[in-house]
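Here the structure is laid out as structure tokens; the discussion comes afterwards.
Read-outs throughout are calculated quantities, based only on the coordinates presented, and are distinct from any laboratory measurement. Everything numeric in this text was worked out from a predicted model, so none of it was measured. Using ideal geometry, Cβ is built from the backbone for each residue, glycine included, and neighbour counts are taken over all protein chains shown.
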Amino acid sequence: MKKILYAVFAALLVAYIFAAVFFFTDSKEDNQVCRRVEVVITDSLEKHFLKEKEVVSYLKKANLYPLNKNSREINTNAIENALLKNEIVEKAEVIRTISGKIKIVISQKMPILRVFSSGGNYYVDKTGRTMPSALGQAIYVPVASGNIEKTFATGDLYKFALFLQKDDFWNDQIEQIYIRSEQDIEIVPRVGNHRIILGSLDHYENKLERLRLFYEQVTPKMGWEKYSVINLKYKNQIVCTKSKKTES
């Protein structure tokens, strides 16, 4: 009987100690004041769109900057949600450490297309979301101009730009995209003095594969200046217009 009572007493004592430690730790964390904030922009070496001081200023204006605030007053979810409203931020995570430090980890969006249209000037990122045109550094991505609705820019045109970005050859070769309408699209290459008529974006993979074969098989024989227009809009065909310089 004594052994049973001793075991019960020991169990209660252990439970009490755990509860006391938990309560003390929880109470201590609740009353802890944030003495340091660390802002980490993970891809800052590749992209210089966002600076630490801008993050700090942004959070101060929103009354969310945690420095010198009591732990109970710091809402990490609110900080993350506020940062995600910034058009440059792709991901945001706020970490509370045992020492009381708040660590803010941010990754930036990656632009793959720049749009100039009557509806505005902006970038489209790799997930199809828009970004502001003023990013503080030159971004070498294809430029789309003409009659461009934002729904088209973040829809079919975005998918086309993503395809170009993922292919090393087309990423280097395609410089401009001109949209007269969604059925009348031209692209301008970096190499060669010619225009490429794409028509619509339907079956663009097939159209560009035909163009790749043309570059590989015809261009080495005829040269880059032989044709002024390469038309890909007809199914399984390439229709070329000779350059005036080479007609004679």
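When the expected Rg is taken as 2.2 N^0.38 Å, what fraction or multiple of it is the alpha-carbon Rg of segment 33-108?
1.03
Please report the antiparallel percentage of DSSP beta bridges with both residues in the chain, rounded to the nearest 5.
65 percent
Candidates [x] 1.22; [y] 1.63; [z] 0.95; which is the computed Cα Rg over 2.2 N^0.38 Å?
[y]
Of T130, T76, T219, which has the largest mean-square fluctuation in a 10 Å C-alpha GNM of the chain?
T219
What is the chain's relative contact order, in percent, from Cα pairs under 8 angstrom and six or more apart in sequence?
Once divided by the residue count of the chain, the mean separation gives 11 percent.
Based on the Cβ-Cβ distance of S118 and K159, what FRET efficiency does E = 1/(1 + (r/R0)^6) give at R0 = 25 Å, to the nearest 0.05?
Once the sixth-power term is evaluated, E becomes 0.65.
For K244, give me every one of the lysines with a C-alpha distance below 30 angstrom, ignoring sequence neighbours fewer than eight places off in its own chain.
Cross-link targets: K207, K221, K226, K233, K235.
In nanometres, what is the gap between the two model label sites at R212 and S57, each 7 Å from Cα along Cα-to-Cβ?
Between R212 and S57, the simple spin-label model gives 4.5 nm.
For segment 33-108, give the share of DSSP beta bridges that are antiparallel, in percent and rounded to the nearest 5; count only bridges with both residues there.
60 percent
Fewest first, what order do Y178, Y158 take by the number of other Cβ atoms within 10 Å?
In order of increasing Cβ crowding within 10 Å: Y178, Y158.
Which value, in debye to the nearest 20, gives the size of the charge dipole of the chain about its Cα centre, when Lys and Arg are +1 and Asp and Glu are -1 at the Cβ?
Roughly 440 debye, rounded to the nearest 20.
Which lysines, on any chain, are close to K53 with Cα under 16 Å apart, when same-chain ones fewer than 8 places away are left out?
Candidates past the 8-residue exclusion: K61, K103.
Net charge near Y234, counting Lys/Arg +1 and Asp/Glu -1 over other residues with Cβ under 13 Å of its Cβ?
Overall, the nearby charge balance is +3.
Counting only C-alpha contacts under 8 Å and six or more residues apart, can you give the relative contact order of segment 111-242 as a whole percent?
The value is 16 percent.
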